[in-house]
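To start, the structure itself, in structure tokens.
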Amino acid sequence: MSRSGNRRSRTADNTGLIPILARKVREVEAAAQRGKVAPANRTKFLVVALLMREERAGIKGDTTLGDAERAEQLKRLDGIASILARTAARDTSLIALLENDAPLSPAARSLRREYLEDAGYEVPDDEPEAPAPTATVVPPELAERQVVPVSVKSRQLANPFMAPDLTPAKPHGVGRLSNWELLGPLYRAFEYGAGGRAASMELPEAPTIDRLSPPGHELMVHQSRFLQSVQAGHRTFLLADEPGLGKTAQSLLAASVADAYPLLAVVPNVVKMNWAREVELWTPHRRATVVHGDGETLDAFADVVVVNYEVLDRHLSWLGSMGFRGMVVDEAHFIKNMTSLRSRNVLALADRIRHTAPGGNPLMMALTGTPLINDVDDFRAIWQFLGWIDGDKPGPELMEHLEEIGLTPADAGFFAEAREAVIDMGIVRRRKIDVAADLPAKRIVDLPVELDDDFGRSIREAERELGARLVTRYRRLVAARANARGDEVDDLPDDDLMRLVARQELEDTQATEDGLNVFTMVRRIGTAKAGLAADYTAQLARSVGKVVFFAKHIDVMNAAEELFAKRELKTVSIRGDQSAALRQREIDAFNNDPEVAVAVCSLTAAGVGLNLQAASNVVLAELSWTAAEQTQAIDRVHRIGQAEPVTAWRIVAAQTIDTRIAELIDSKQGLAARALDGSDQAIGSTDSVQLDALVGLLRSALED
């Protein structure tokens, strides 16, 4: 949130924003000492935390301040942060309010305005709320960037009128659930209401004869069953089959079955050329066009329009008026951040298509093998895209299903029934082990490596330094809490306080982006491992054939390619800065040229949507920050068409934070297994791997 007007000059007296925040946070602290914090004080706590972060950022960026004055103001803000931490340690329900993305209620917005005005800031009357998806396809800030390709103008002239949507709106009745907050219970239903059942709607049996796939391409049973559901009239799907089970083919044939043309496909840049190929492969009677740049080569008369997330913002105006009868979002977890521009653009287009599709009832499909990254709340944007929810409440159809249950969130059995109601809206999830028995096995093998050179020793020293910094922060917080309570300092580790320290460390890291922190340390570890990982890859390529080498950072990829060149191994490179055509040529060369031994791939640019099954061995030179990203990378090889068992060799630096990160990535698999696959596997921490890694580092430092 921005605020206009000049700041009052900051002095050490009792004027300005900082004294107001100090008084208010002490009021909340006093309330916490008396018992549980009431809602009014929780709002006050949230607003103080928000304004403290804003003020800290403002002070750091204010060039009119001298060093001494800046240091003094930051010291006062540190005092407020300490009180917030002490208060949260006393009432742990406040911890969530310290998060950067904690939602602001109307009461919190009003209180924020009051504090700013009391401090002498000018706050506009029409100050915008936090960004949220709206029905407006083109937000004002993107209006000047809009382009309309010549081909689109030709299509508009050829067909200047669109049939109006005369479908009557469903009345919104008032039922027993009208006054209940339902999204929270629906998310919890996927955590706790599984009952051993996978999150997949009932699908019709597959037909005896496959009449949908083109000659030479036979559908698998699980694909045919999905298409039968489309044939029966279902039109919204979260197609969450595990990576490698042919979601692209299913979605294209679904559009054919539903006659959902023209069809819009929003996809990652790395796969948009492959999408055009898949259209030609699975629906050869249809034409695809790919939007590049400003769309000069676009064929607006094509049946399928493929556009990548990165250029979507400049094409919103004409895409919103094309009369699409269907929309597919590939790798739909890309839109999980509801406030990001990417997510807002996709959701605005989806809303437009749902309400204006000729004939109504458009085909809407979200494709992702990894819909959950860190939290069940990751479902929110996908459900919004599909029209299952509307902002902070269920949409009319889902609400109707929930009303039919006859229960409220306070009743026993609601979670299991509510979960089924959402699944029946169109969640389809199949695992490889269940539907592709002929697909070879997959295993992940950790290869510990010792960083015993000077670089490795400097990394371990940096870890000790970071651990010591965390310990200092932690002990200050423990001492402050003991002083506030009048107790002796407790030496036993406190999980809540350690998480608070880790959060503050991450927040400071994101503000500075320099110096010693968990991100720079992991990058240094990746650089140190590069030669060892590349050497092992070269050995594999000599002994077993083609290998896919994944890394996160360009310098690691460059170092690996240098080593492969010295070993006279022919390579291809798949990176984020390549054109779609060049990337596709590299992929084709790897799959078809027997001389190409290694594909050197960016974990982020090549981790989704690609087919690299010419190899059966994957080397992960650097670890991902999410289990989903790791899974996606491995499944570029372990997918339909693979004939050999797949092994992913994960290079892990022993005796460093790398080992802890590998363990955390594995532990995060429990969320998807429980929420989607009906597993009773316990869900570990829903915090990010970065935060959990810092907590682990702090715990180890405290034990030393």
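Summary of computed values
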| read-out | value |
| --- | --- |
| Given charges at Cβ of Lys, Arg, Asp, Glu: the chain dipole, positive-most of 527, 603, 45 | 45 |
| Lysines whose Cα lies under 16 Å from that of residue 432, excluding same-chain neighbours fewer than 8 positions away | 247, 442 |
| Cross-link reach list, lysines versus residue 75, counting only Cα pairs under 27 Å and skipping chain neighbours closer than eight places | 24, 44, 60 |
| Local electrostatic count at residue 650 - Lys and Arg +1, Asp and Glu -1, tallied over other residues with Cβ under 12 Å | -3 |
| Gyration tensor verdict on segment 17-118 (Cα atoms; rounded if a/c is under 1.5, prolate if a/b is larger than b/c, oblate otherwise) | prolate |
| Inter-site label distance for residue 592 and residue 38 at 7 Å from Cα along Cβ, in nm | 7.3 |
| Of all DSSP beta bridges in the chain, antiparallel share, percent nearest 5 | 5 |
| Exposure proxy order (Cβ contacts within 10 Å, fewest to most) of 315, 234, 355 | 355, 234, 315 |
| FRET E, pair residue 150, residue 393, Förster distance 45 Å, beta-carbon r, rounded to 0.05 | 0.60 |
| Residue exposure sequence - 520, 283 - by fewest surrounding Cβ within 10 Å | 520, 283 |
| Extension gain (nm, one decimal) between residue 465 and residue 659, 0.36 nm per residue minus Cα-Cα | 68.1 nm |
| Of the GluC sites (Glu not before Pro) in segment 381-464, those whose Cβ has at most 14 other Cβ within 10 Å and which sit in DSSP loop | 450 |
| Residue-averaged [θ]222 nm for the chain, counting only DSSP H segments that reach four residues, each worth -39500 (n - 2.57) | -15000 deg cm²/dmol |
| Segment residue 543-residue 102, length gained on full extension (0.36 nm per residue, minus Cα span) | 153.5 nm |
| Formal net charge of residues neighbouring residue 423 (Cβ-Cβ distance under 10 Å; K, R +1; D, E -1) | 0 |
| Kirkwood-Stokes translational diffusion coefficient of segment 365-485, alpha-carbon pairs, 10 °C, 1.306 mPa s, µm²/s | 78 |
| Label-point separation, residue 643 to residue 179 (7 Å along Cα→Cβ), nm | 6.7 |
| R0 of 30 Å, Cβ-Cβ distance residue 259-residue 197: FRET efficiency to nearest 0.05 | 0.35 |
| Simple Cβ-charge dipole of segment 17-118, Lys/Arg +1 and Asp/Glu -1, about Cα centre, in debye nearest 20 | 420 |
| The chain - charge dipole about Cα centre, Lys and Arg +1 at Cβ, Asp and Glu -1, debye rounded to 20 | 500 |
| In nm, spacing of pseudo-spin labels at residue 157 and residue 558 (7 Å Cα→C-beta vector) | 4.9 |
| Label zone at residue 566, where the point sits 7 Å out along the Cα-to-Cβ direction: segment 532-547 residues whose backbone N lies under 14 Å | 532-539 |
| Efficiency of FRET between residue 63 and residue 519 - r from beta-carbon atoms, R0 30 angstrom, step 0.05 | 0.65 |
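None of the figures in this text is laboratory data; all of them are computed from the coordinates on show. Everything numeric here is computed off the predicted structure, so don't read it as measured data. Because the Cβ atoms are built from the backbone with ideal geometry, glycine has one as well, and the counts that use them run over all protein chains shown.
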